[in-house]
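Below is one structure, written out as structure tokens; the observations come after it.
The values are calculated or read from the model by the stated rules, or taken from the named source; none is laboratory data. Please read these numbers as outputs of a predicted model, since none were measured by experiment. Note that each Cβ is placed from the backbone with ideal geometry, even for glycine, and that neighbours are counted across all protein chains shown. The protein model used for the area step is the full one, side chains on, heavy atoms only, and it has no ligands, DNA or RNA in it. Shrake-Rupley method; radii C 1.70, N 1.55, O 1.52, S 1.80 Å.
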Amino acid sequence: MEKLKPGKTNAEDRMNMVRYWAAYVRAHPDKVWSRQQAMLINAQLKSARKDAQAAKAYLKRKGLAI
Amino acid sequence: MRFIDSSIIAVDKELNDLDHFVLDFAAILCKHTSYALVSGYVAILLGRARGSEDVDVLIKSMSRKTFISFYSELLDNGYWCLNGDDSDELYPYLTDGLSLRFAKKNEAIPNMEVKFALKPFDSATLADTVAVKTSGGELVITSLERQIAYKRVVLGSEKDMADAEHLEDIAKGNLDANKLRRIMKELQDGKA
């Protein structure tokens with residue numbers, strides 16, 4: 001796998017990381033990348049579920065009843 | 001990840017909580033109508049390293065009677081609708097081309113954003129799908145070519161461009177370049 005190239009701007013850096021991660025997904029068994037993806041997503045959802053304020057803000061943002 | 005043919009992808013991934021949520025919902029939905037998962041979750045299912053608050057799903061239009069049966073099964077399985085409680089009030093939202101959001105009781109996130117496929121591009125999306133086989137069951141997504149084209153031409157935010165880039169990269173060698181060009185042109189010309 002090629003090394004991650006630092007971007008000259010934040011946007012370029014983020015896109016380089018997207019490409020690097022896609023190459024990582026291609027180069028590694030599904031269980032390896034998905035374990036890392038699960039840690040990220042599960043932590044985000046756990047945090048969102050615990051945070052009642054965030055849920056209220058989310059519903060307000062979407063124009064839905066609270 | 002294995003691209004078995006143009007209509008089947010097998011992913012032997014460790015399922016995350018979002019995947020479990022979608023698989024659970026889709027298992028109910030598919031009993032009532034056909035569907036295609038679209039937008040950000042398609043990229044996430046296939047490895048993109050980001051989360052999402054909502055999962056977009058296009059469904060084939062259903063009658064009021066079928067909707068009531070579907071909604072009732074959702075309620076029985078611990079879901080609620082964020083847009084209202086009464087099926088008579090909810091169904092017209094769908095027929096008007098609006099979406100309904102469903103989450104697990106006492107939660108708002110994550111939610112499934114359900115929309116009838118009423119526009120020509122939506123109908124074409126439902127007719128152009130890929131089955132993704134996981135250890136927790138099968139999910140139906142829109143074809144990657146259609147997803148990439150829509151994200152690049154219609155949506156176009158930094159997040160959408162990143163999703164499109166991810167899909168192109170992971171599916172390198174497995175995309176139909178002519179099909180991708182055709183759909184992009186249709187979208188650019190406003191024909192879709």
Neighbours by Cβ (under 9 Å, 6+ apart or cross-chain): first from the stretch A:7-18, assigned to a loop (DSSP other than H, G, I, E, B); second of a type in the set (Lys, Arg)
A:GLY7/A:ARG14
Can you work out which of the residues in the stretch B:1-24 that are aliphatic (A, V, I, L, M) and assigned to a loop (DSSP other than H, G, I, E, B) is farthest from A:ASN42 (Cα to Cα)?
B:MET1
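Residues are listed down the side, and each one gets a yes or a no for (1) under 13 Å from B:PRO110 (Cα atoms); (2) touching a strand residue (DSSP E or B) at 6+ places or on another chain (Cβ under 8 Å); (3) open to solvent by 80 Å² or more (accessible area, probe 1.4 Å):
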position	(1), (2), (3)
A:ASP13	no, no, no
A:ARG19	no, no, yes
A:ALA22	no, no, no
A:ALA27	no, no, no
A:SER34	no, no, no
A:ALA38	no, no, no
A:LYS46	yes, no, yes
A:LYS50	yes, no, yes
A:LEU59	yes, no, no
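Going by the conditions given, is B:LYS31 over 27 Å from B:GLU145 (Cβ atoms) and under 17 Å from the mean Cα position of the chain (by Cα)? Steps first, please.
Working: over 27 Å from B:GLU145 (Cβ atoms): yes; under 17 Å from the mean Cα position of the chain (by Cα): yes.
It is true that B:LYS31 is over 27 Å from B:GLU145 (Cβ atoms) and under 17 Å from the mean Cα position of the chain (by Cα).
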Taking the condition of being surrounded by fewer than 21 Cβ atoms within 10 Å (Cβ to Cβ) and more than 16 Å from A:TRP21 (Cβ to Cβ), how many residues in the stretch B:34-51 meet it?
1
Mind listing whichever residues of the stretch B:1-33 are in contact with a helix residue (DSSP H, G or I) (Cβ under 6 Å, 6 or more places away or on another chain), away from chain A (no Cβ under 14 Å) and open to solvent by 20 Å² or more (accessible area, probe 1.4 Å)?
B:HIS32
Hey, does the stretch B:44-58 have a residue that's assigned to a loop (DSSP other than H, G, I, E, B), hydrophobic (A, V, I, L, M, F, W, C) and over 10 Å from the mean Cα position of the chain (by Cα)?
yes
Does the stretch B:74-83 contain any residue that is open to solvent by 20 Å² or more (accessible area, probe 1.4 Å), under 30 Å from B:ASP176 (Cα atoms) and free of Cβ contacts under 8 Å to residues at least 60 places away in the same chain?
no
Could you list all residues from the stretch B:39-71 that are in contact (Cβ under 8 Å) with a residue 12 or more places away in the chain and of a type in the set (Ser, Thr, Tyr)?
B:SER39, B:TYR41, B:SER52, B:SER61, B:THR66, B:SER69, B:TYR71
Flag for B:SER123 being surrounded by fewer than 19 Cβ atoms within 10 Å (Cβ to Cβ) and more than 9 Å from chain A (Cβ to nearest Cβ)
yes
Index of the failed condition, B:GLY136 passing every other in (1) in contact (Cβ under 8 Å) with a residue 40 or more places away in the chain; (2) touching a Leu at 6+ places or on another chain (Cβ under 6 Å); (3) surrounded by 18 or more Cβ atoms within 10 Å (Cβ to Cβ)
(3)
Positions within the stretch A:19-34 being among the small types (Gly, Ala, Ser) and not in a helix (DSSP H, G or I), in sequence order:
none
Where B:TYR93 falls short, out of the listed (1) touching a residue at least 12 places away in the same chain (Cβ under 8 Å); (2) within 14 Å of chain A (Cβ to nearest Cβ); (3) farther than 29 Å from A:ALA43 by Cβ; (4) not polar (S, T, N, Q)
(1)
